[in-house]
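Written out below as structure tokens is the structure these notes cover.
Read the figures in this text as sums done on the coordinates, not as results from a lab. If you're wondering where the values come from, they're calculated on a predicted model, not measured in any experiment. Note: ideal-geometry Cβ built from the backbone for every residue, glycine included; neighbour counts use all protein chains shown.
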Amino acid sequence: MRLLFGGLLIYASYDKILDPTAFGKAVWNYKIFSRGISLGIATVLPWMELLSGLGIILGILFRGATLLSLLMMLAFTGGVISGLARGLDISCGCFSLDPNVGKIGWMKILENLGLVLAAAFLFFSNSAKFMLESRLKPTRSDPPSQATA
């Protein structure tokens, strides 16, 4: 699940990182934010997707990465619902910056809800298998570090 979900976040970030202006237009098409704020979101959001995807896959800052991804998925879903309720005929801007690909609709809402569930599952998971984070934590047998004066 970590590989699939983290990989999906990394894949989703790729085109957006390469062309933040086109992604800014996709964000602006939702008519929620001004052009300037949309461009700011388009500049920061893909890096958040990339870093949270890497954190989930590698198991580094895992709780934070999964919480961030859960909040992003909830925000994305809210944006799609808002756009659909206002009758917008736009591309979601999720995995392609082509305005004719990935139009918002009920299917996109269901897909996003599936991603919300995946993020929530990972967030509440107690498994630490194959996580770098668990390998980097000191074990109980490690002596405490001594402060020098």
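Laid out as a table, the results:
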quantity: Relative contact order of segment 1-135, defined on C-alpha pairs under 8 angstrom at six or more residues apart (%); calculated: 29 percent
quantity: Peptide ranges 20-28, 98-106, 3-11 listed from the most packed, as the mean C-beta count within 10 angstrom indicates; calculated: 20-28, 3-11, 98-106
quantity: The chain, dipole about Cα centre (Lys/Arg Cβ +1, Asp/Glu Cβ -1), debye to the nearest 20; calculated: 240 debye
quantity: Estimated 222 nm signal from helices in the chain, with DSSP H stretches of n ≥ 4 weighted -39500 (n - 2.57), rounded to 500; calculated: -22000 deg cm²/dmol
quantity: Residues in segment 98-120 reached by a label modelled at Leu74 [backbone nitrogen below 15 Å; 7 Å Cα→Cβ]; calculated: 113-120
quantity: Other-chain or far-sequence residues with amide H under 5 Å of Lys103's (modelled H); calculated: Cys92
quantity: Dipole of the chain, positive direction: furthest Cα of Leu110, Leu88, Asn100, with charges on the beta-carbon; calculated: Leu110
quantity: Likely footprinting exposure, Tyr14, Tyr30, fewest C-beta neighbours within 10 Å first; calculated: Tyr14, Tyr30
quantity: Solvent-free Debye scattering, log10 I(q)/I(0), computed from the Cα coordinates of segment 2-125 at q = 0.09, 0.14, 0.19, 0.20 Å⁻¹; calculated: -0.23, -0.56, -1.02, -1.12
quantity: Helix axis angle, 35-58 relative to the chain longest principal axis, alpha carbon, degrees; calculated: 40 degrees
